[in-house]
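Where a number appears in this text, it was derived from the coordinates with a stated rule and is not lab data. Keep in mind the model is a prediction, meaning the values are calculated, not measured. As a convention, Cβ positions derive from the backbone with ideal geometry for all residues, glycine included, and neighbour counts pool all protein chains shown.
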Amino acid sequence: MPSSLIIADLHLVSDEVDRTNLFIKFCQDRASQADQLFILGDLFNTWLGDDLSLNHYRSIVDTLKILGKTTKVFVVVGNRDFLLGSDFEQQSGCQLINEPYLLEANDQQYVLMHGDSLCTDDVSYQQLKKVLQHPIIKFIFLLLPKKLRLKLSGQLRKKSVEAQRYKSHEIMDVNADTVDELMQKYPNANLIHGHTHRQNTHVGERYTRYVLGDWSTDQGNAIEIGAELNWLEIN
């Protein structure tokens, strides 16, 4: 029976060896045995354009290319790596997919998303996302010199960290009404997402919401869907 693995929020950094090695080991051992791997956003902690970031993450890109010989790899962009582009697809062998993505497996349907669009209580974040991820803004940003892109990215990240200190736990989580509105469009499906880093299984009356956690330097998590759905701990 075809099997799928689903992960999110690895936040890989080019000079963080332990987390990178954990992901490479996961690809070589566990993911290579699956038919499909879905990465639901923020595989990379920062992605400033294919021309700048591909060389910084060469070992990861090469690992994905090798994995693609046995396993189809699909990637949803997150709020950290939304500038992933066609050169990344070509060199990694991955396929970028739009969200929400409907996965059908073993007579069950799953809606796959990164999850940040569900956090509608965080109004300032949604406003900033609308600006930064506008096609025109992305086009202009990618035309900027590499040093300037690095500088701007660092400034934005610093402001983001500072802003989060003043936001409540509830504001940075998903909004229940927003989730319900989404799932009304998929009456026979369950939902799988990341972004909030709050690994859990929320069983509701109409659907179950599975929340993937983030990865640390020595431990990760994944969902495996085969004959049934199972949580996996990666170490």
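From the alpha carbon centroid of region 197-235 to that of region 101-160 is 22 Å. Counting GluC sites (Glu not before Pro) as exposed when in a DSSP loop with at most 16 other beta carbons within 10 Å, what is the longest stretch of the chain free of them? Maximal segment without exposed cleavage sites: 17-169. Between the listed residues Ile136, Ser4, Phe26, the Cα displaced farthest toward the positive end of the dipole of the chain, a dipole computed from Cβ unit charges relative to the Cα centre, is found at Ile136. Charge tally for Leu112 (other residues, Cβ to Cβ under 13 Å; Lys, Arg +1; Asp, Glu -1): -1.
Among the trypsin sites (Lys or Arg not before Pro) in region 24-97, those located in a DSSP loop and surrounded by at most 10 other Cβ atoms within 10 Å of their own Cβ are Lys69. For His193, His11, His134, the sequence from fewest to most other C-beta atoms within 10 Å is His134, His11, His193.
For the residue pairs Lys130/Lys151; Lys25/Lys72; Lys129/Lys151; Lys129/Lys185; Lys25/Lys129; Lys25/Lys69, the C-alpha atoms sit more than 26 angstrom apart in Lys25/Lys129. This model, with +1 at the C-beta of Lys and Arg and -1 at the C-beta of Asp and Glu, gives the chain a dipole about its Cα centre of some 1000 debye.
With a cap of 16 neighbouring Cβ atoms within 10 Å, and only residues DSSP puts in a loop, list the trypsin sites (Lys or Arg not before Pro) found in region 183-235. The qualifying sites are Lys185, Arg198, Arg206. Cross-link partners for Lys138 among the aspartates and glutamates, with Cα-Cα distance under 14 Å and sequence neighbours closer than 8 places in the same chain left out: Asp50, Asp51, Asp81. A cut-off under 13 angstrom between Cβ atoms defines the neighbours of Asp9, and their net charge, with Lys, Arg +1 and Asp, Glu -1, is -1.
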